[in-house]
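Let me begin by presenting the structure, written as structure tokens, before commenting on it.
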Amino acid sequence: MQMKFVDVGGVETRCILAGGETAPPLILIHGLSLTADIWMRNIDALSRDFRVAALDMLGHGFTRPQDADGRITVQDKVDHILEFARAMGFERFSISGSSYGGLIAANLYLCAKEKVDKLVINGSGSCFNTEAQLAAFLDRIHRTYRPLLAGSSPQDWRKLLEGTFHDPASIPAEIPHLLCLCYSQDWAVRCWERTIDDMRDLPAFRQYRILERLHEIDLPTLVVWGRNDKGGVYEEAVAAVAKMPNAKLVSIDNCGHLPMVENPEICNEEVLRFLNEKTAADERVVTA
């Protein structure tokens, strides 16, 4: 596992890399308020078969945008990831997103279908919640997170994260300290606020919603969901997967919003099985 900064169109993009350079690429996208470090329990396992790249999204973590005071849309984040893939030499890749990162990953596929082999969505209310559910969730996040972002302590972050996990003992000890370091950067706080503001502008944000476009997500898709997720309703995920042409759902009992962190062994096994499965198109090529 290696941490480095990659120049992506003039933006120094922080990422975590692992796996053979000639292996099939897999890009990992973190969720709102978090960083690439949430994948620390997955990267080594996934890198046995894949070239894994977990990056801090534009305006998140330690990837500072060129205009730290400007607006950064979902499309800007999608374009940044696509440019990152080009910088890494990834002509095609699979992509796995968590929570808000799942929404970014789905939008990336809808924007550049020719680039994406397979999609994994991990516990994403941002993808499958109704507008009313999303609005209520964003109000709660803004109310609980915003007062603590700047000047927060590791204990503050641990308390916030406890609401995300079914078992708070599963919170990696490093994550609260990393988030304190991240949000000691003034620009990170401002970018977080603008991300929340964009999502709360429901009419403008409709162009990025996928709940109404599920039929268009026709590539092989794996949805991983904790049955005790407080940020996304399990029944909504079941209904959403039923509307996707080529998707399957894996649910994990006694698990919260971040299944790949709270139950990494199960998630790694399921994701590797899914990514290594041959599609009908692959089998046709082999047969020919």
FRET efficiency (residue 146, residue 22; Cβ distance; R0 45 Å; to 0.05) is 0.55
Of all DSSP beta bridges with both partners in the chain, the antiparallel percent, nearest 5, is 30
Its Cα gyration tensor gives segment 163-218 an equivalent ellipsoid whose semi-axes in whole Å, largest first, are 29, 20, 10
Summing -39500 (n - 2.57) over every DSSP H run of at least 4 residues in the chain and dividing by its residue count gives a helix-only mean residue ellipticity at 222 nm, to the nearest 500 deg cm²/dmol, of -12000 deg cm²/dmol
Semi-axes of segment 1-95 from the Cα gyration tensor (sqrt of 5 times each eigenvalue, largest first, whole Å) come to 22, 14, 11
Checking rank on 28-39, 110-121, 167-178, with mean other Cβ inside 10 Å and highest first, the result is 28-39, 110-121, 167-178
Note on segment 52-143: alpha-carbon gyration tensor, axes a ≥ b ≥ c; rule is a/c under 1.5 for rounded, else prolate if a/b larger than b/c, else oblate; result oblate
Per the 1/(1 + (r/R0)^6) rule, R0 = 41 Å and r from the Cβ atoms of residue 234 and residue 44, FRET efficiency to 0.05 is 0.90
Here the relative contact order (percent) of segment 67-166, from C-alpha pairs under 8 Å and at least 6 apart, is 21
Checked against a 26 Å limit on the C-alpha separation, the offending pairs among 4/159; 115/248; 4/77; 159/248; 159/230 are 4/159; 159/248
Any aspartates and glutamates whose Cα falls less than 17 Å from that of residue 243, other than same-chain ones fewer than 8 residues away, would be 212, 216, 218, 235
Taking Cα pairs closer than 8 Å and at least 6 residues apart, the relative contact order of segment 130-183 in percent is 38
The distance between the Cα centres of segment 213-262 and segment 32-66, in whole Å, is 20
With 0.36 nm assigned to each residue of separation and the Cα-Cα distance removed, residue 194 to residue 243 gains 14.5 nm
Contour minus Cα-Cα span, residue 218 to residue 112, at 0.36 nm per residue, comes to 36.9 nm
The extension gain from residue 67 to residue 201, computed as 0.36 nm times the residue separation minus the Cα-Cα distance, is 46.1 nm
Matching label for the computed mean projected area of the Cα convex hull in nm², out of (i) 18.7; (ii) 15.5; (iii) 13.8, is (iii)
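Each reported figure results from applying straightforward, stated rules to the coordinates on display, with no laboratory input. The shown structure was predicted, so the numbers you read here are calculated from the model rather than taken from an experiment. FYI the Cβ positions are ideal-geometry reconstructions off the backbone, even for glycines, and counts take in every protein chain you see.
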